[in-house]
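Take a look at the structure below.
No lab work stands behind these numbers, since they all come straight from the coordinates. Treat the numbers as computed from the prediction; the structure is a model and nothing was measured. Note that each Cβ is placed from the backbone with ideal geometry, even for glycine, and that neighbours are counted across all protein chains shown.
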Amino acid sequence: MNSNNVTTGQVPSAGTYKCTNCGTEITISSGDTVPPCPKCSNTSFNKV
Ligand SMILES: [Zn+2]
């Protein structure tokens with residue numbers, strides 16, 4: 001697995017993450033929990 005991959009429920013470092021399914025980008029602030037993708041409900045993201 002890619003070390004830059006995060007899943008819903010994790011609290012990763014702040015930054016922009018892209019949905020591995022549809023490519024939607026989400027912005028995570030420090031301390032934020034990764035949400036499900038707002039478009040496709042996917043739970044896997046890669047750091048941009
Ligand atoms: Zn998606």
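Using each residue's phi in segment 4-11, evaluate 6.51 cos²θ - 1.76 cosθ + 1.60 at θ = phi - 60° and report the 3J(HN,Hα) Karplus result to the nearest Hz, with x for Gly and Pro.
Computed from phi, the couplings for segment 4-11 are 8, 7, 10, 10, 3, x, 7, 10 Hz.
Once phi is turned into ³J(HN,Hα) by the Karplus curve 6.51 cos²θ - 1.76 cosθ + 1.60 with θ = phi - 60°, what whole-Hz value does each residue of segment 40-48 show in order, with x for glycine and proline?
Computed from phi, the couplings for segment 40-48 are 10, 6, 5, 10, 10, 9, 10, 5, 8 Hz.
May I ask for the equivalent-ellipsoid semi-axes of segment 5-47, computed as the square root of five times each C-alpha gyration tensor eigenvalue and listed largest first in whole Å?
Numbers: eigenvalues 45, 18, 14 Å².
Working from the Cα gyration tensor, I get semi-axes of 15, 10, 8 Å.
I want the local charge near Gln10. Using Cβ-Cβ distances under 12 Å, sum +1 for each Lys or Arg and -1 for each Asp or Glu among the other residues.
0
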